[in-house]
1. Counting only residues that are surrounded by 14 or more Cβ atoms within 10 Å (Cβ to Cβ) and either outside any loop (DSSP other than H, G, I, E, B) or touching a Ser or Thr at 6+ places or on another chain (Cβ under 9 Å) (or both), how many does the stretch 49-66 have?
2. Given (1) touching a helix residue (DSSP H, G or I) at 6+ places or on another chain (Cβ under 8 Å); (2) surrounded by fewer than 14 Cβ atoms within 10 Å (Cβ to Cβ); (3) among the aliphatic types (A, V, I, L, M); (4) free of Cβ contacts under 8 Å to residues at least 40 places away in the same chain, where does L82 come up short, assuming only one miss?
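No value in this document is a laboratory result; all are computed from the given coordinates. All of these numbers come straight from a predicted model, not from anything done at the bench. Cβ sites come from the backbone with ideal geometry, for glycine too, and all protein chains shown count toward neighbours.
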Amino acid sequence: MGDNIELLAFLFVIAMFLGLELIAKVPATLHTPLMSGSNAISGITLIGAIAVAGLADSGLATALLAFLAVVLATVNVVGGYLVTDRMLKMFKSRNDLRR
């Protein structure tokens with residue numbers, strides 16, 4: 001079991017560095033589409049968390065973790081859409097915003 005945890009920790013650290021490098025290399029004009037894709041993935045996470053939370057025979061720990069997953073995924077989706085909307089407003093002219 002200890003080897004498995006070490007492997008998972010190593011993979012997590014490698015994934016963090018890879019994610020940081022990938023995001024750092026993305027041009028500013030592609031951040032909005034990238035955010036939209038990230039929101040879609042968070043939406044899938046939210047659906048999975050809701051499905052796990054709805055299991056009738058799950059234990060208390062599973063139910064609590066599923067509830068926490070639903071809350072965090074919801075915050076991530078809503079926050080992502082708010083940031084995306086704000087970024088898109090930066091590209092509109094003032095005349096478009098008055099309508």
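1. Going through the stretch 49-66 one residue at a time, the tally reaches 7.
2. (1)
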